[in-house]
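Report on the structure given below.
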Amino acid sequence: MLRVLKSSVSVILLTGFMLSGAIAADVKSIAILTPEEGTDYGWNQQGVDAAKAAAAATGVEVVVAQGLGYGDVRPTLRELAEEGASLLIAHASGYNTSAPEIANELKVPVAIVDTPSALKKGLVADYTLSGHEGAYLAGRLAAKMTRSKAVGIVVSGEPPSWNSQSAGFAQGVKAENPDVKVTYAVIGPAAYSDAAGGKRVTESVIASGADIIFGQGNGSSFGMLQAVETTKAADGGKVYFIDVIGDKTPIDKGFLLSSVVWNITPVYTAMINDLKADTFGTKSYSIGLKDDSVKLLKTAAIPDNVWTEVQALREDVISGKIKVEPVFEATAVRALMTNVSE
């Protein structure tokens, strides 16, 4: 039985599953490490929920180490490895240096983000996921619904996953209506949990004329949402928010227009199965519209006719009629914007 490491670590023992085969028996438990608590309706929560679901699907134990911050997590990685974890999922771009070091030191497989070049058979896998297809649809939706012909993108940093969605959103806006202005604003280089900064920057983007905000921010997204709830658009009307990764419907006060929702469970399940098959670290993982691992959230704020149009566009993306390529570099993302502010 795995012991609890600290107050921020919970252990869930999944019973009723039998592992079969010598290779499968080697994968006994996984651990996921997150910088913030798994209650953000976004990156951290989706990661935690997906790890639990993947563990249940594959019959292994899971340890959740959450709220670890963005600093050095080597001690936690070592302790989890010594506790017997067969896989360490380092669910933050800030962990993509320390986790491979621990993998090489202790010979324990790790999964990291934002470093596709770090693949190492049996030890290091990367899951730089991209919701760009869903973000493209969100951009089409925003351009259809903006009253001011101005929308905004607010991000808490410029990691590859955020960049690809920012680019997809801007491309969607321009494909729908090239006359719509897109203002792009960065809270800070790694301001993922900066809710106050999220509120301040979002207010400035609204002041520039935007009446729809596409926000990417982990904990800072709560500040973005607060700004949307308390700031009027230039015409005195409501400003809407489009979120990413999770579903903030349970806390919405009528300002959530949609979200580019991710389902990471298939990714973690594939990692576990790759460990069992001795193919871990030989390939990257992806999500997309085709299998609903990326999907656009429907809310009551979206008129039925607009939603029907967006769903038709979804089919065009899936079929390849509309091609949406991921753009991971920040400089290329910025080139797509009408205005950029920091």
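The values are calculated or read from the model by the stated rules, or taken from the named source; none is laboratory data. Just so it is clear, the structure is predicted and the values come from calculations on it, not from any experiment. Positions of Cβ are backbone-derived with ideal geometry, glycine not excepted, and every protein chain shown enters the neighbour counts.
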Quiz item: Tell me, which residue of segment 98-117 that is β-branched (Val, Ile, Thr) and touching a Leu at 6+ places or on another chain (Cβ under 8 Å) is farthest from ASP274 (Cα to Cα)?
Solution: ILE102
Quiz prompt | 1 or more residues buried (at least 24 other Cβ atoms within 10 Å of the Cβ) and on the phi > 0 side of the Ramachandran plot: qualifying strands (runs of 3 or more DSSP E) within segment 167-252 | solution = 240-245
Quiz item: If you go through segment 82-93 one residue at a time, how many are surrounded by fewer than 21 Cβ atoms within 10 Å (Cβ to Cβ) and either without any contact (Cβ under 8 Å) to a residue 24 or more places away in the chain or not in a loop (DSSP other than H, G, I, E, B) (or both)?
Solution: 1
Exercise. Determine the pairs where a residue that is without any contact (Cβ under 8 Å) to a residue 40 or more places away in the chain and exposed (fewer than 13 other Cβ atoms within 10 Å of the Cβ), located within segment 308-321, has a partner that is hydroxyl-bearing (Ser, Thr, Tyr) and not in a loop (DSSP other than H, G, I, E, B) with Cβ atoms under 8 Å apart, the partner being 6 or more residues away or on another chain.
Key: none
Quiz item: Can you spot a residue in segment 122-131 that is part of a helix (DSSP H, G or I), at pLDDT 95 or above and crowded, with 21+ Cβ neighbours inside 10 Å?
Solution: no
Quiz prompt | Residue list for segment 140-164, filter: under 30 Å from ILE89 (Cβ atoms) and either among the small types (Gly, Ala, Ser) or in contact with a strand residue (DSSP E or B) (Cβ under 6 Å, 6 or more places away or on another chain) (or both) | solution = ILE153, VAL154, VAL155, SER156, GLY157, SER161, TRP162, SER164
Exercise. Go through the residues of segment 52-60 one by one and say whether even a single one is surrounded by fewer than 17 Cβ atoms within 10 Å (Cβ to Cβ) and at pLDDT 95 or above.
Key: yes
Quiz item: Within the set of pairs 6+ apart or on separate chains, which have a first residue in segment 184-203 that is closer than 22 Å to THR338 by Cβ, a second that is in a helix (DSSP H, G or I) and charged (D, E, K, R), and C-beta atoms under 9 Å apart?
Solution: TYR184/ARG334; ILE187/ARG200
Quiz item: From the list TYR41, TYR70, TYR95, TYR127, which one is of a type in the set (Phe, Trp, Tyr) and within 21 Å of ASN273 (Cα to Cα)?
Solution: TYR127
Practice problem: Search segment 9-43 for residues being more than 30 Å from VAL155 (Cβ to Cβ) and of a type in the set (D, E, K, R), and hand back the single one that is modelled with the highest pLDDT. | Solution: LYS28
Quiz item: In this structure, is VAL151 of a type in the set (Val, Ile, Thr), assigned by TED's automatic domain parsing to the domain that holds PHE222, part of a helix (DSSP H, G or I) and touching a helix residue (DSSP H, G or I) at 6+ places or on another chain (Cβ under 7 Å)?
Solution: no
